[in-house]
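The values are calculated or read from the model by the stated rules, or taken from the named source; none is laboratory data. Computed from a predicted structure; not experimentally measured. Positions of Cβ are generated from backbone atoms using ideal geometry, with glycine treated the same way; all protein chains shown enter the neighbour counts.
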Amino acid sequence: MTSQTDIAAQAAEWAQRRHFWNWSQTDQTELDTWLAQSMAHRVAYWRLNATVERTDRLTALKPSVPDRTRFWQRRSWTMTFRAVAALVAIAALGAAATDYFSRPAPQVFATTIGGREVIRLKDGSQIELNTDTVLKIASGTAARAVTLEKGEAYFQIRHDADHPFSVTVGNHRVVDLGTRFLIRKDDNALQVSLLEGRARFDAVAGDAAPIDMKPGDVVLAKNGKIDLTRKPERAIASELGWRNGVIVFDSTKLSDAVAEFNRYGGKKLVVDPKTAKLKIEGTFQLNNVEAFADAVQVAFGLHIETKQDEIRISH
């Protein structure tokens, strides 16, 4: 995105060309194209041009400038344009800052590693935050917009057709249409699972077509690609085991199971690459890694080495 300073500098260049160059129809066409690109371009140019025209009218009242001084006059005008452009940029930035600081700050909710929190909204909606999660709720009595900065959250949203509820996650947005859904944002992936009702998944910016989700739909955004798949209700319900303090594995690779346990803190699990692809099933307490390690040892006959801050699983 072009900054206000850059836009002001471009406006200064156009105004300088307009007033001191041999202006042509081609120049006018190019200027019109630039002005049409955004309102910010038009406002910056109009402000700057109005300042120059006022100065021109004052200059016209002064004695004429000898030819030998026109070079310095042009140079002076160039410096003036730059100064005015800087003032325009500062004014624009000042207005933006005033607008920002005049807005009430959003509420921020954050859970620690292994922590959970339930947020109840005034409209009757409820949001449950899983481990290591940060959520921002827009301020204002009518606000129904949140931002999931990281982590995982389960949403039970009361539908209001006049005020849709939206969740922004990175470059994507989920809009509630009367819904229960789960969103998980990892370092390089975003997953939305719909349990009940309807929701729309779309991009905050860009030309990607929105996806209207139905119960059982799972949207995965990763590495610039968006995939839509379906899961049975039981599978999505298993992903919510953390709400009851458990983790459910269903033919899950041991490496993935270990990574899931490590999200919740406690002793760190480390798995040998040779055993990483073994599949495990079962329900385990998310705060009891020792019991999980014991189950793995019994099921596969693996070696378990327990240290002060980690448990190693290997052949």
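Sort through Asp123, Asp132, Asp162, Asp186 and tell me the only one that's acidic (Asp, Glu), within 13 Å of the chain's Cα centre (by Cα) and assigned by TED's automatic domain parsing to the domain that holds Arg230.
Asp186
Got at least one residue in region 216-223 being over 18 Å from Gly151 (Cα atoms) and assigned to a strand (DSSP E or B)?
yes
Could you tell me how many of the residues in region 183-194 are more than 15 Å from Phe165 (Cβ to Cβ) and in a strand (DSSP E or B)?
We begin by selecting, within region 183-194, every residue more than 15 Å from Phe165 (Cβ to Cβ); these are 184-191, 193.
Add one more test, that the residue is in a strand (DSSP E or B), and what stays is 184-185, 189-191, 193.
Residues meeting the conditions: 6.
Here is a yes/no grid of residues against (1) surrounded by 15 or more Cβ atoms within 10 Å (Cβ to Cβ); (2) modelled with pLDDT of 95 or more; (3) among the aliphatic types (A, V, I, L, M):
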{"residue": "Pro232", "(1), (2), (3)": "no, no, no"}
{"residue": "Ser238", "(1), (2), (3)": "yes, no, no"}
{"residue": "Val248", "(1), (2), (3)": "yes, no, yes"}
{"residue": "Glu281", "(1), (2), (3)": "no, no, no"}
{"residue": "Phe284", "(1), (2), (3)": "yes, no, no"}
{"residue": "Ala291", "(1), (2), (3)": "no, no, yes"}
{"residue": "Lys307", "(1), (2), (3)": "no, no, no"}
{"residue": "Arg312", "(1), (2), (3)": "yes, no, no"}
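Hey, any hits in region 168-182 for a residue that's farther than 24 Å from Gly114 by Cα, surrounded by 19 or more Cβ atoms within 10 Å (Cβ to Cβ), in contact (Cβ under 8 Å) with a residue 40 or more places away in the chain and within 21 Å of the chain's Cα centre (by Cα)?
Looking for residues that are farther than 24 Å from Gly114 by Cα, surrounded by 19 or more Cβ atoms within 10 Å (Cβ to Cβ), in contact (Cβ under 8 Å) with a residue 40 or more places away in the chain and within 21 Å of the chain's Cα centre (by Cα), one finds at least one in region 168-182, hence yes.
Taking Ile236 as the residue in question, decide whether it is of a type in the set (Val, Ile, Thr) and either without any contact (Cβ under 8 Å) to a residue 24 or more places away in the chain or farther than 28 Å from Gly282 by Cβ (or both).
The answer is no for Ile236.
Filter region 263-304 down to the residues that are of a type in the set (A, V, I, L, M, F, W, C) and part of a helix (DSSP H, G or I) and list them by number.
Passing the criteria: Val289, Ala291, Phe292, Ala293, Ala295, Val296, Val298, Ala299, Phe300.
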